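The values are calculated or read from the model by the stated rules, or taken from the named source; none is laboratory data. The structure displayed is predicted, hence computed values, not measured ones. Positions of Cβ are generated from backbone atoms using ideal geometry, with glycine treated the same way; all protein chains shown enter the neighbour counts. Surface accessibility is based on the protein's heavy atoms, side chains included, excluding ligands, DNA and RNA. Shrake-Rupley method; radii C 1.70, N 1.55, O 1.52, S 1.80 Å.
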Amino acid sequence: MKIVYLYPSLAIWGGIERILVDKMNYLVRHYGYEVYMITSDQGQHPIRYNIDERVHFMDLNIRFHSRFQYRLWRRLIEYRRLSRKYHEQLRNLFGEIHPDIIVCTSSQHVRPLLKVKGHIPLIVESHINFTRPDTWMHRIRTLINNYWIGKAEAVVTLTNGDAENWSRVSKHVHVIPNVVNLNDTDQYSDCTERHVLFVGRFEEQKSIGDLFAIWELVHPQSPDWQLDLYGEGCLWSHYKQEADVLNINIVVHEPTQHIMDIYRNSSILVLTSLYEPFGLVIPEAMSCGVPVVVFDSPHGPATILTDREEGFLIPNRNRQLFANRLEMLMGDLDLRQQMGMKAIVSSQRFSADIIMPMWKELFEKLTSLS
């Protein structure tokens, strides 16, 4: 079976990038599929994660981001020109490759794809919440994009909550959780290190300002604990400066390839996102024996974590309760270790060997209908 994945680029240390690489690697290694990754904006940037040499990687060098050098109307014209170029190249590639399935994660490209794909089944992967805070222009654009997404042969969401929302758009919604890069060693956190950990993108969605405010509440009671933040993003420098000014044991780090080692040398993971379609770092940390304190933001955390089992699930935006639960966990080694042991077992639900057969079943179902 030939599967084509479409994505802008694999140039950042991101959750979606990691998931796509893991899935493609699994498909070629375990099922013997012929897998293609076609990017539009990779350019000369290296691929951040180790991609199997059997995955056919090709970049079309469209450079959609180049339109932002222009003002509004010229930008729109340039986007239309680049879009035509992109989809004409895709049409030609589909004619050469003859894929059995096309998988797209960029909603804005669905409409043109429907015109060039012919009878090839199209799957739209949703890695964002169906509803989320946004501007009115983005809401209008989302309504238009969702109309065309509804015409794809399948929409795959990460949670039942989002599936319920997407069912307003499509009659062909499937729930398949993310494949998680789990700890594959026999080494786990013993939860004795006085380190609280955040891992993720430095952007508004993650609400790192809330995390700093919570840390200001707990730090006076636990001044020997440190909050470590790992990641990249447009707000990285802002929060690096804020951490230095606050001077309350907050350390902002560059992203690392050795994140599993960081998990294993931490005792608690925290996440304060405004919304979280899945929350990949939650089961990653859990697989290392690290308990988690997280806001119950829509819709991911509650599908991964059970309150008072693998950690604490906090009513959304209740910073005081978050601080109380974090302080409780920081002050109780036995509780951290008990929750960490439960977390290791619970995280195995998201292993590739459990999740990827769901994808195989969907692929086979769609190809049998086409």
Report summary line: Sorting L269, L182 on solvent-accessible surface, 1.4 Å probe, most exposed first, gives L182, L269
Report task. Select from Q42, Q69, Q320 the residue whose mean-square fluctuation is largest in a Gaussian network model of the chain (Cα-Cα springs shorter than 10 Å). Result -> Q69
Report summary line: In this structure, the FRET efficiency calculated for H65 and R111 from their beta-carbon separation, with R0 = 22 Å, to the nearest 0.05, is 0.65
Report summary line: Counting Lys and Arg as +1 and Asp and Glu as -1 over every other residue whose Cβ sits under 14 Å from the Cβ of V28, the net charge comes to +1
Report summary line: With every protein chain kept in place and a 1.4 Å probe, segment 261-320 has an accessible area per residue in Å² of 27
Requested in this report: State the answer as a single residue: which of F57, I140, L280 lies farthest towards the positive end of the charge dipole of the chain, with beta carbon charges of +1 for Lys and Arg and -1 for Asp and Glu, about the Cα centre.
Outcome: I140
Query raised in the report: Using alpha-carbon positions, what is the distance between the centroids of segment 342-363 and segment 30-102, in Å?
Result: 28
Report summary line: Binned at 5 Å from zero, the C-alpha pair distances of segment 1-159 give percents of 2, 8, 17, 20, 22, 18, 9, 3, 1, 0
Query raised in the report: Dipole of the chain (Lys/Arg Cβ +1, Asp/Glu Cβ -1, origin at the Cα centre): which of S351, V173, T303 lies farthest to the positive side?
Result: V173
Query raised in the report: What's the extension gain from M58 to T256 if we count 0.36 nm per residue and subtract their Cα-Cα distance?
Result: 68.7 nm
Query raised in the report: How much accessible surface area, in Å² rounded to 10, belongs to the heavy atoms of C234 with a 1.4 Å probe?
Result: 120
Query - segment 232-301 and segment 308-332: distance between their alpha carbon centers, rounded to Å - result: 15
Query - Lys/Arg +1, Asp/Glu -1 at C-beta; the chain dipole; positive extreme among L227, Q320, Q44 - result: Q44
Query - Accessible area in square angstrom per residue, segment 200-245, 1.4 angstrom probe - result: 45
Query raised in the report: Carbon-plus-sulfur fraction of the accessible area of segment 57-100, 1.4 Å probe, in percent?
Result: 51
Report summary line: Correct semi-axes for segment 91-145, from √(5λ) of the alpha-carbon gyration tensor and rounded to whole Å with the largest first, are 27, 12, 7
Query raised in the report: So who's got an amide H within less than 5 Å of the one on D307, skipping anything under 5 residues away but keeping other chains? H placed 1.01 Å off N, in plane.
Result: L313
Query raised in the report: Running Debye on the chain with equal point scatterers at the Cα sites and no solvent, what base-10 log of I(q)/I(0) appears at q = 0.14, 0.15 Å⁻¹?
Result: -1.24, -1.38
Query - Alpha carbon convex hull of segment 207-295, projected area averaged over orientations, nm² - result: 5.9
Report summary line: Once the mean of 1/r over all distinct C-alpha pairs in segment 143-227 is inverted, the Kirkwood radius in Å reads 17.2
Report task. Show that you can apply the helix-only estimate: for the chain, add -39,500 (n - 2.57) for every DSSP H stretch of four or more residues, divide by all residues, and state [θ] at 222 nm to the nearest 500. Result -> -13000 deg cm²/dmol
Query raised in the report: To the nearest 20 debye, what is the magnitude of the charge dipole of segment 1-137 about its Cα centre, counting +1 on the Cβ of each Lys and Arg and -1 on the Cβ of each Asp and Glu?
Result: 700
